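The values are calculated or read from the model by the stated rules, or taken from the named source; none is laboratory data. Treat the numbers as computed from the prediction; the structure is a model and nothing was measured. Virtual Cβ from ideal backbone geometry, glycine too; neighbours counted across all protein chains shown. Heads up: the accessible areas ignore ligands, DNA and RNA and are worked out on the full protein's heavy atoms, side chains in. Shrake-Rupley method; radii C 1.70, N 1.55, O 1.52, S 1.80 Å.
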Amino acid sequence: MHGIDVAARLAAMAQRAREQGIDGVLLTPGPDLRYAIGYDAIPLERLTCLVVRASGECLLVVPRLELLAAQASPAGNVALEIRTWDEGDDPYALVASLLPATAKVALDNHMWAEKVLHLREAMPGVTQSLAGPVIASLRMRKDEAERAALVAAGAAIDSVHELVPQFLRAGRTEREVGADISDAILQAGHEVVDFVIVASGPNSASPHHEVSDRVLTEGDAVVVDIGGTMPSGYCSDSTRTYAIGDPGEEFLAAYAVLQRAQEEAVRSARAGVTCASIDAAARDLLVSAGLGELFIHRTGHGIGLETHEEPYIVAGNDLVVEPGMAFSIEPGFYLEGRFGARIEDIVIATDDGVIVANTRPHDLVVIA
């Protein structure tokens, strides 16, 4: 994502490392590296590694053949030293030379195991830990540009949901519908289709069902949960529930409670409350209606450069929501073998309220 303040992000990361007694943070290609310096590096067997030292000095180690790509990223626009290595060199020894022999080093959570082990061999006296505690607290608080990117992603996926009713017809398979949705996600401006869930009839009771060759039939409830990554790197994620004809009174009664529960959780999502309290706002309504045992997952997850990241909106998480935190609100109910439903919006906490990035109606869309 261009336009980020790389120097400020690196300084904040170094400060967090110092506060946690960590001498250096090592980031390889993935969302943490992209967050830190805006470099969406290709994950390769060759080592690319950002070294963030607690002292504040940072270096980017790249294979020589990746130098121009690194320089073309936002990292090339700041005073960040880039060190290259050639075929036959040992890049792990190079990284090791940049840190004290007995350092405490945090590695990004998505680092490939082979790279973790190579670094351990190159730095036998170093204590390794996860970088999540250093970086997550920064990534959770979205700045204005990030908030705008998430709102744009929400609008793009909303435009896809607007088209979904024309794809859902009795006689079509989930897979056929999913293919149409995938095309629409790209046409709406996403760079990548991250996932498409078209869960019909009994499949709607499986929260992470994707698509199958099941044929849509009259009376089916259909959960459509879709998302992608925008050119900015920021993700969309939104769920709406549809019905092919009349899904029956039992389903409709449960759906009415779900709709109230989702709305109540969105209303409760404000800076100053805990993540657990937002989960409870949705869950308590479902429990009181006898649907609590059918709500089998957390109420939400953070979103940004990854579809799932911190903070997690779940019972027991006493993290206090702060301005800039972005997360989903997506309660559901799932009656195995029969039906299920889910409603999901992305919300962003602000100083004085909340931005709801998804604006499609929450009512059940019944397709005649």
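Of the residues that sit in segment 246-255 and are assigned to a loop (DSSP other than H, G, I, E, B) and out of contact with any strand residue (DSSP E or B) (no Cβ under 7 Å at 6 or more places or on another chain), which one is most open to solvent (accessible area, probe 1.4 Å)?
So, considering only residues that are assigned to a loop (DSSP other than H, G, I, E, B) and out of contact with any strand residue (DSSP E or B) (no Cβ under 7 Å at 6 or more places or on another chain), the one most open to solvent (accessible area, probe 1.4 Å) is ASP246.
Being touching a Phe, Trp or Tyr at 6+ places or on another chain (Cβ under 8 Å), outside any strand (DSSP E or B), β-branched (Val, Ile, Thr) and buried (at least 20 other Cβ atoms within 10 Å of the Cβ) is the requirement here; does ILE135 meet it? For ILE135, the condition - touching a Phe, Trp or Tyr at 6+ places or on another chain (Cβ under 8 Å), outside any strand (DSSP E or B), β-branched (Val, Ile, Thr) and buried (at least 20 other Cβ atoms within 10 Å of the Cβ) - is met. The set of residues in segment 256-276 that are open to solvent by 40 Å² or more (accessible area, probe 1.4 Å), in a helix (DSSP H, G or I) and within 18 Å of ILE348 (Cα to Cα) comprises GLU263, GLU264, ARG267. Among the residues of segment 202-222, those identified as of a type in the set (A, V, I, L, M) and either outside any loop (DSSP other than H, G, I, E, B) or under 15 Å from SER238 (Cα atoms) (or both) are ALA205, VAL215, ALA221, VAL222. Considering SER159, SER137, the condition of being within 22 Å of the chain's Cα centre (by Cα) and at pLDDT below 95 is satisfied by SER137 alone. Selection of segment 13-46 for residues being open to solvent by 30 Å² or more (accessible area, probe 1.4 Å) and in contact with a Leu (Cβ under 9 Å, 6 or more places away or on another chain) yields ARG16, ASP23, ARG34, ASP40, ARG46. If you check LEU168, LEU117 for being without any contact (Cβ under 8 Å) to a residue 24 or more places away in the chain and out of contact with any Gly (no Cβ under 6 Å at 6 or more places or on another chain), only one passes: LEU117. Going residue by residue through segment 280-295, is there one that turns out to be in a strand (DSSP E or B) and aliphatic (A, V, I, L, M)? No - not one qualifying residue is present in segment 280-295. Of all residue pairs spaced 6 or more apart or on separate chains, those with beta-carbon atoms under 8 Å, a first member in segment 271-295 that is on the phi > 0 side of the Ramachandran plot and a second member that is open to solvent by 60 Å² or more (accessible area, probe 1.4 Å) are GLY272/VAL320. Checking each residue in segment 58-79 for being without any contact (Cβ under 8 Å) to a residue 12 or more places away in the chain, over 15 Å from ILE4 (Cβ atoms) and either surrounded by 14 or more Cβ atoms within 10 Å (Cβ to Cβ) or within 27 Å of the chain's Cα centre (by Cα) (or both) picks out only GLN71.
Residues that are small (Gly, Ala, Ser), crowded, with 18+ Cβ neighbours inside 10 Å, more than 26 Å from ASP143 (Cβ to Cβ) and touching a Leu at 6+ places or on another chain (Cβ under 9 Å) within segment 277-305 comprise just one, ALA282. Checking each residue in segment 42-53 for being in contact with a strand residue (DSSP E or B) (Cβ under 8 Å, 6 or more places away or on another chain) and modelled with pLDDT of 95 or more picks out ARG46, LEU47, THR48, CYS49, LEU50, VAL51, VAL52, ARG53. Checking every residue in segment 10-28 against the condition of being within 23 Å of ASP86 (Cα to Cα), of a type outside the set (Phe, Trp, Tyr) and part of a loop (DSSP other than H, G, I, E, B) gives at least one match. In this entry, ASP90 passes the filter for residues that are over 27 Å from ALA149 (Cα atoms), of a type outside the set (Gly, Ala, Ser), open to solvent by 10 Å² or more (accessible area, probe 1.4 Å) and out of contact with any strand residue (DSSP E or B) (no Cβ under 8 Å at 6 or more places or on another chain). Per the conditions (1) assigned to a helix (DSSP H, G or I); (2) open to solvent by 20 Å² or more (accessible area, probe 1.4 Å); (3) modelled with pLDDT of 95 or more, the sole criterion not satisfied by GLN128 is (1).
Of all residues in segment 316-359, those that are over 20 Å from ILE157 (Cβ atoms) and within 14 Å of the chain's Cα centre (by Cα) total 0. Taking segment 36-54 as the range and being out of contact with any Lys or Arg (no Cβ under 6 Å at 6 or more places or on another chain), closer than 22 Å to LEU305 by Cα and in a loop (DSSP other than H, G, I, E, B) as the test, the residues that pass are GLY38, TYR39, ALA41, ILE42, PRO43, LEU44, LEU47, THR48.
When GLU146, GLU162, GLU174 are checked against the criterion of being open to solvent by 30 Å² or more (accessible area, probe 1.4 Å) and among the acidic types (Asp, Glu), a single residue qualifies: GLU162.
Taking the conditions exactly as written (touching a residue at least 40 places away in the same chain (Cβ under 8 Å) and either open to solvent by less than 60 Å² (accessible area, probe 1.4 Å) or part of a helix (DSSP H, G or I) (or both)), does VAL193 satisfy them or not? When the stated conditions are applied, VAL193 does not pass them.
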